[in-house]
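This report concerns only the one structure given below.
The values are calculated or read from the model by the stated rules, or taken from the named source; none is laboratory data. In this text, all values refer to a predicted model and were calculated from it rather than measured experimentally. Cβ atoms come from the backbone with ideal geometry, glycine included; neighbour counts cover every protein chain shown. Accessible surface areas use protein heavy atoms only, side chains included; no ligands, DNA or RNA. Shrake-Rupley method; radii C 1.70, N 1.55, O 1.52, S 1.80 Å.
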2 protein chains.
Amino acid sequence: MAKNNVIGKTEQRWDAIAKVKGQAKFTADFPINHKLHAKILRSTIAHGYVTAYDITEAEQMPGVVKIFLPEDLPQNKFGTAGHPWSMVPAKRDIEDRTLLTRHVRVYGDDIACVVAKTELEAIRALEKIKVTYEKYPVYLTPKAAMADNARRVHEERDNVIADTSVGYGDVAKELKAADYVIKEHFHTPMQQHVHMENQVAVAWQSEDQRWTCISSTQIPYICRRIIGQAVGVPWSQIRVQKPFIGGGFGNKQEVIIEPLVVALSMACGGRPVEMNLTREESIAYTRTRHAIDYDLAVGVNKDGSITAIDCNVYSNQGGYASHGHAIGGKGGTFINALYKTESLRYAAKTIYTNVATAGAMRGYGIPQVMFALESIMDDAAEKIGMDPIDFRIQNRRPEGFLNTLSHVQQFNFKIDKCLQKGREAFHWDEKLQDSLKYKTGSKRRGVGVAGFSYGSGTYPFGLETAGARLTLMPDASFKLMLGATEIGQGADTAFSQMAADTIGVGYDKIIRDAMSDTDIDPFDTGSYASRQTYITGFAVQEAAEKMKQKILKRASEMYDIRPEYMDIVDGNIVYSHNDQKIADLADFAMSSFYDMAHGRAIVAESSVNIHNNSYASGCTLAQVEVDIETGQIELLSVMNVHDSGKIINPILAEGQVDGGMAMGIAYGLSEGVRYNEAGKPLNNNLMDYKIPTTMDLPDLDHAFVESEDPLGPYGNKSLGENPLCSPAAAIRNAVKNATGVAINSNPLASQHVFEQLKQAHVI
Amino acid sequence: MAKNNVIGKTEQRWDAIAKVKGQAKFTADFPINHKLHAKILRSTIAHGYVTAYDITEAEQMPGVVKIFLPEDLPQNKFGTAGHPWSMVPAKRDIEDRTLLTRHVRVYGDDIACVVAKTELEAIRALEKIKVTYEKYPVYLTPKAAMADNARRVHEERDNVIADTSVGYGDVAKELKAADYVIKEHFHTPMQQHVHMENQVAVAWQSEDQRWTCISSTQIPYICRRIIGQAVGVPWSQIRVQKPFIGGGFGNKQEVIIEPLVVALSMACGGRPVEMNLTREESIAYTRTRHAIDYDLAVGVNKDGSITAIDCNVYSNQGGYASHGHAIGGKGGTFINALYKTESLRYAAKTIYTNVATAGAMRGYGIPQVMFALESIMDDAAEKIGMDPIDFRIQNRRPEGFLNTLSHVQQFNFKIDKCLQKGREAFHWDEKLQDSLKYKTGSKRRGVGVAGFSYGSGTYPFGLETAGARLTLMPDASFKLMLGATEIGQGADTAFSQMAADTIGVGYDKIIRDAMSDTDIDPFDTGSYASRQTYITGFAVQEAAEKMKQKILKRASEMYDIRPEYMDIVDGNIVYSHNDQKIADLADFAMSSFYDMAHGRAIVAESSVNIHNNSYASGCTLAQVEVDIETGQIELLSVMNVHDSGKIINPILAEGQVDGGMAMGIAYGLSEGVRYNEAGKPLNNNLMDYKIPTTMDLPDLDHAFVESEDPLGPYGNKSLGENPLCSPAAAIRNAVKNATGVAINSNPLASQHVFEQLKQAHVI
């Protein structure tokens, strides 16, 4: 590995040219003959029951093939969360959905479906379906849904779908013993993923009488399983293919439309049926980031030590269980990862309500808990008069800490280095000084910092398997097959670098495919939990190492040299002791195929089950200018610093950080789905739901504290979700530094900030 | 293997339902956006040079994108024969083609090409291209092309492209010593494949900037290589995909249009370009069976022993080398395989002419040599007054004979059993007696018999590699990936049976794919030489055995039982000593994937290089009625008997035999491409080129002398091409038996028979 330098180099994305030239095919781009189009009839109430449908007029509309009510489709219960199947029933995701439902739990629930010859005809028919409802009370918040007399959202279980508590030490005693106790309430919003490509899937009966579904999914294999469960066929009867994807951010770690599309094709004689959600549907009726409430108390001594962290969590699940408690319940581990404390209690509830179902979203609960934690830690530092960076460094978990809540040992954990590097690179002290000049007048400036930590994959909570297959081609190129899913993040480019580096050839010698296919690619649970370069990286490494050894073994027979004397460097087979060339790998490859006596294809495949996890960390530093007359915040500068081990491809890493920071900044400043009191979403369009444009963002600065992670396959650890974990808290802390007002619910949109400043009598 | 009974059972073709329902997609069925259409401008002379093109008017025609002359495309020399690449330059196929040519060698040669938006627009533009030729003399026969002053068809080499002689003993001396010497001349026609689906291919630049070509090919991997050579890019830059195929019969073991289609896409900015040959083009301008002339002499003694076989062969290659001498040169081995003789000389020449290029066609030279051999052997038997079956049995090669011409040892060689079984099942003796009643009058009856032998694959002459990959699915189905090519013959069904049998599950548990893909499927040289169930069968067996062992190894850890105590029978893991069930394989499969500690995918792959060959044999028995007033032959009954080892799937084997017999009967009775003296084909349409309909054929009877071949992977050996090797000679012999006239050139079409009878003074 040391001899090849493909890892750590900025190689061009393998798919860059196709995307620029418009050759890249996304799900809706596949020309398919005789395709039908499906549209969902969505409830116009948030909680209730459909007592009657009148489809008489709709059935007569032009182009209508069939109108489906819930009773027309299989009614197997299934869950939509993209988790690997668990052999332990109690650990499985809650199965609370069916294909269509009369029982409405969210506004826009799937109550019927039209299949027509064109999408427009389907939409026109939808408008003619008449629905009669019985209405139930609508619960928008955990508090409302937890009230004693609240109606169950799902008859089978309590609205509190999970209630857990973890921790150590005597929190009550330690809080009492502390010099100061800071208690605060935090609230985070329902952010939506707003991936460029909406949910889209098309399914048909394939030539072998099974069912093929092309879908914009992060998790083809899990999608296969959930379709199988929902429609009630053995899983092998389903084939899922994933072409290029226009983003997922966790929303496509959820199997939302695929089972319905397959069921509709089944009900239409196997004809292809496509469903293509609109932006309005995608924002309001798919998944959101959980809105979570935190009641936090921190005990802190004058010397800066932390005695206790007490955290009560109320996670708003919305109408269906989806990823459920996996998100709200996860925060304790990562609080514990960051801070030394004598005692910790992390008590979390996840509660059904009647807002949009919350699911996986980039960060998976950590942006929420870091907003709360890093806000209160900043307040604690302020309370004892310590610099917030010094405070965090003083209380950091040391290298090698065994996180007792996850049993993960935090090797190579460099939050302190991130904070130090950030202080210097961001010019923290200068900007802090600069801000002092703007503490009066209408424009107030301040700086803020926030840290985070994040896992690489789900171990030890989830199954971590991945696979890779490499095939030597006659000109010494290698086809790399993976079940891991490129979703725009550049994973395939990183994997290609890994394979090239380990085999000993150039990056241009690795051939990848846009299409993932559950029938042919090595099994991999998919793209989520920032797991891919880490978990799948092991599979690529193992397959590439096997490939190399197979080549050297064959070369040993061919050139009559012991395999251990040989290596592959820059596409040549060489003596390992001095790199003297023995053969061109391309010549070897030709012989390996076409030698009459010995010719046979060389293929190497690996499937790994990974039992480790490397915790990454990082921080955001921000300087803001608050217009206290309008509540408008200008982000003057912002920097993320990341401890993500070895950086496989710098420009791709920078792209991840830029994108994540933009999302994290918007989480802090502008984004959130809003509802009226009847549970109707109010801003499910891109005029009213505010994602930032480049004009809304300052330059996004970043730095890496690069190191070789001792457990990561190429010294790497997670980076995909990390960048958005800390910006919101850093901005909140900067606003506090600027105005003296701590605003504990984000986004810090002008109206909200203005009201908070007014309430604090700043204006 | 003994416990499972999937081998030898009539399982339904896996693709049957899709084909009946119209779901099966062939090359032209793939919807592709922005597709362009290419048509070839074909020469209207058979030999000459294009001195000028005038494309002015054609370029102005509606829809024309571009008109290509030879100089507009890469002019790398390449060969079109579908052979594996040879590491030995001298053994490579002759590379005598370029993409388009000014030098015309056959009528219909590719002299220019139009790419237009529609096929019709391309055709209309073709008609406006004006061509000026310099004309050369046209050679229709080997004799003409071999004349002293004949012009070279290809400047670089003599018209005799190969001239070989093999054999043993002193033929001249042994002929002299024989009681009788029979000397005859035989001529065979240019049969054409007439596959249901014409040649069609479409190519475009794929998302990774490489080139994808979907083609109706028997040899995706070889096609990849030849495209790479012709267009001048590394082979890995080409990806060939093969969907369902409507037959190939060897014509698609030739890479005729794919390089051009890829080059055209390259020249059109990567846009998809499709070429779809017409029936007229496919019959006249692709490939044919070699027309071969034989001068044969056989020495025979009164006791029935054969002293000498002397065979001079003149194989008419047409305008380009294609498979060349591999076909005409092959016969000696299979003469030697059938008959004991003191001496043998097989001298063969392959000669360029100006008729359509001859290439691979089902039987690959053997129908020709068997027509000659089995005719003269019949005449020899007649000469000494022996029953022709007895004569063949007496002179058969014994079991285990080492064929000195191929170095293949003929284990399990059962030509004698075939002849014996045929005699009984066909009621030979009764029909012979019956025929005696019809030796006068206008309707004469007679019976005839002919034998053949045929290899299983190309060893030791060609590389024999194949691969298979099996993936366990969570419900204990198995995906089977192969580079072997299903071309309608049912190979994939046979392979699925093999995999199921070896693993220990039902046939319905094996999942195959219609699409072969050089990027992902295990390397395999393709479908030809009746090699697939034999050569690829080894790969399937090895992969399935590996899969089984991997399952048992994991099961051993899971159930704490030594792997060697366990077996898999009927989809259960059982104790091997008593078949007691240990676990359902489906439950095992779920654990194998989802066990937190050990879960990982189980995949097994194999690539084999096979160094053996099993010679199959068989015979045809026929009874004819000849209307001597018209020369019309009615085939009253016909039977093939085959020694092909174990029959994997009886109904598929019967299908192969039926199809091969129909083709072999037509070879004897009606088929042949005809030319005028300028070399223009006269009957390249289905009105004038006579393939038989079911109405033209009697019931096709068949029998198998089934046995377990000791070398075949499942006891099987070749069957695909075998059935058409002997019908033509059997019919010729029956006609001789009926009329007393030996007609030594086929087809025995009425006009030809009539003339022969007249010449023999029968009428």
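Which ones in region B:34-61 are touching a Lys or Arg at 6+ places or on another chain (Cβ under 7 Å) and part of a helix (DSSP H, G or I)? Those that are touching a Lys or Arg at 6+ places or on another chain (Cβ under 7 Å) and part of a helix (DSSP H, G or I): B:Glu57, B:Ala58. In region B:515-548, of all residues being within 17 Å of B:Ser477 (Cα to Cα) and within 12 Å of chain A (Cβ to nearest Cβ), the one that is least open to solvent (accessible area, probe 1.4 Å) corresponds to B:Ala543. As a summary of the residue check, B:Glu71 satisfies the conditions (1) at pLDDT 95 or above; (2) under 25 Å from the mean Cα position of the chain (by Cα); (3) in a helix (DSSP H, G or I) except for the one numbered (2). In the condition set (1) open to solvent by 10 Å² or more (accessible area, probe 1.4 Å); (2) in contact with a strand residue (DSSP E or B) (Cβ under 8 Å, 6 or more places away or on another chain); (3) over 28 Å from A:Val735 (Cβ atoms), A:Ala586 is compliant with all but (2). Within region B:174-196, is there a residue that is closer than 25 Å to B:Lys77 by Cα, among the β-branched types (Val, Ile, Thr) and touching a Pro at 6+ places or on another chain (Cβ under 8 Å)? The answer is no, given that none of the residues of region B:174-196 is closer than 25 Å to B:Lys77 by Cα, among the β-branched types (Val, Ile, Thr) and touching a Pro at 6+ places or on another chain (Cβ under 8 Å).
Report yes if B:Asn649 is over 19 Å from B:Ser556 (Cβ atoms) and within 14 Å of chain A (Cβ to nearest Cβ), otherwise no. Against the criterion (over 19 Å from B:Ser556 (Cβ atoms) and within 14 Å of chain A (Cβ to nearest Cβ)), B:Asn649 does not qualify. The criterion of being within 30 Å of A:His427 (Cβ to Cβ) and touching a His at 6+ places or on another chain (Cβ under 9 Å) holds for A:Val641. For region B:552-581, the set of residues classified as under 44 Å from the mean Cα position of the chain (by Cα) and either basic (Lys, Arg) or within 14 Å of chain A (Cβ to nearest Cβ) (or both) consists of B:Lys553, B:Arg554, B:Gly571, listed by residue number. I need the full set of residues from region A:232-260 which are in contact with a helix residue (DSSP H, G or I) (Cβ under 6 Å, 6 or more places away or on another chain) and buried (at least 24 other Cβ atoms within 10 Å of the Cβ), in order please. If the condition is that a residue be in contact with a helix residue (DSSP H, G or I) (Cβ under 6 Å, 6 or more places away or on another chain) and buried (at least 24 other Cβ atoms within 10 Å of the Cβ), then A:Ile238, A:Val240, A:Lys242, A:Val255, A:Glu258, A:Pro259 are the ones that fit.
The sole residue among B:Gly269, B:Gly250 that is within 27 Å of B:Asp643 (Cβ to Cβ) and assigned to a loop (DSSP other than H, G, I, E, B) is B:Gly250. Here is the figure for region B:612-660: residues that are of a type in the set (Asp, Glu) and closer than 30 Å to B:Gly462 by Cβ total 3.
With the condition kept exactly as written, say whether any residue in region B:195-211 is outside the structural domain of B:Gly331 (by TED's automatic domain parsing), assigned to a strand (DSSP E or B) and farther than 27 Å from B:Ala360 by Cβ. Within region B:195-211, one or more residues are outside the structural domain of B:Gly331 (by TED's automatic domain parsing), assigned to a strand (DSSP E or B) and farther than 27 Å from B:Ala360 by Cβ. In the set A:Met61, A:Met87, only one residue is within 13 Å of chain B (Cβ to nearest Cβ) and open to solvent by 30 Å² or more (accessible area, probe 1.4 Å); that residue is A:Met87. Sub-6 Å Cβ pairs linking a first residue in region B:582-607 that is more than 7 Å from every other protein chain (Cβ to nearest Cβ) and over 19 Å from B:Ala543 (Cα atoms) to a second residue that is part of a helix (DSSP H, G or I) and open to solvent by 10 Å² or more (accessible area, probe 1.4 Å), at least 6 apart or interchain, are B:Ile582/B:Tyr559, ordered by first then second residue.
For (1) touching a residue at least 12 places away in the same chain (Cβ under 8 Å); (2) buried (at least 21 other Cβ atoms within 10 Å of the Cβ); (3) part of a loop (DSSP other than H, G, I, E, B); (4) assigned by TED's automatic domain parsing to the domain that holds A:Gln549, each residue gets a yes or a no:
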| position | (1), (2), (3), (4) |
| --- | --- |
| A:Gly422 | yes, yes, no, no |
| A:Asp475 | yes, no, yes, yes |
| A:Leu480 | yes, yes, no, yes |
| A:Ala484 | yes, yes, yes, yes |
| A:Ile487 | yes, yes, yes, yes |
| A:Phe495 | yes, yes, no, yes |
| A:Ala500 | yes, yes, no, yes |
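The listed residues are A:Asp524, A:Asp567, and the only one of them that is part of a strand (DSSP E or B), in contact with a strand residue (DSSP E or B) (Cβ under 9 Å, 6 or more places away or on another chain) and not aliphatic (A, V, I, L, M) turns out to be A:Asp567. The sole residue among B:Thr132, B:Thr141, B:Thr98, B:Thr118 that is loosely packed, with under 14 Cβ neighbours inside 10 Å, of a type in the set (S, T, N, Q) and out of contact with any His (no Cβ under 7 Å at 6 or more places or on another chain) is B:Thr132. If you go through region B:735-761 and pick out every residue that is more than 20 Å from B:Gln368 (Cβ to Cβ) and open to solvent by less than 40 Å² (accessible area, probe 1.4 Å), you end up with 4. Contact map, region A:19-32: residues that are more than 8 Å from every other protein chain (Cβ to nearest Cβ) paired with residues that are among the hydroxyl-bearing types (Ser, Thr, Tyr) and open to solvent by less than 60 Å² (accessible area, probe 1.4 Å), Cβ distance under 8 Å, separation 6+ or inter-chain. Pairs shown: A:Phe26/A:Ser216; A:Thr27/A:Ser215; A:Thr27/A:Ser216. I want to confirm something. Restricting to region B:74-118 and keeping residues that are part of a strand (DSSP E or B) and in contact with a Ser or Thr (Cβ under 8 Å, 6 or more places away or on another chain), which single residue is farthest from B:Ser322 (Cα to Cα)? Ranking the candidates gives B:Ile111 first.
Scanning region B:127-152 for residues that are in a loop (DSSP other than H, G, I, E, B) and out of contact with any Asp or Glu (no Cβ under 9 Å at 6 or more places or on another chain) yields B:Glu127, B:Tyr136, B:Pro137, B:Tyr139, B:Ala147, B:Asp148, B:Asn149, B:Ala150, B:Arg151. Within region A:90-104, if we keep just the residues that are without any contact (Cβ under 8 Å) to a residue 24 or more places away in the chain and over 18 Å from A:Ile227 (Cα atoms), the residue that is farthest from the other protein chains (Cβ to nearest Cβ) turns out to be A:Ala90.
Looking across A:Gly441, A:Gly488, one residue alone is in contact with a His (Cβ under 9 Å, 6 or more places away or on another chain) and on the phi > 0 side of the Ramachandran plot. It is A:Gly488. Quick check, is B:Ile214 touching a helix residue (DSSP H, G or I) at 6+ places or on another chain (Cβ under 8 Å) and within 14 Å of chain A (Cβ to nearest Cβ)? For B:Ile214, the condition - touching a helix residue (DSSP H, G or I) at 6+ places or on another chain (Cβ under 8 Å) and within 14 Å of chain A (Cβ to nearest Cβ) - is met.
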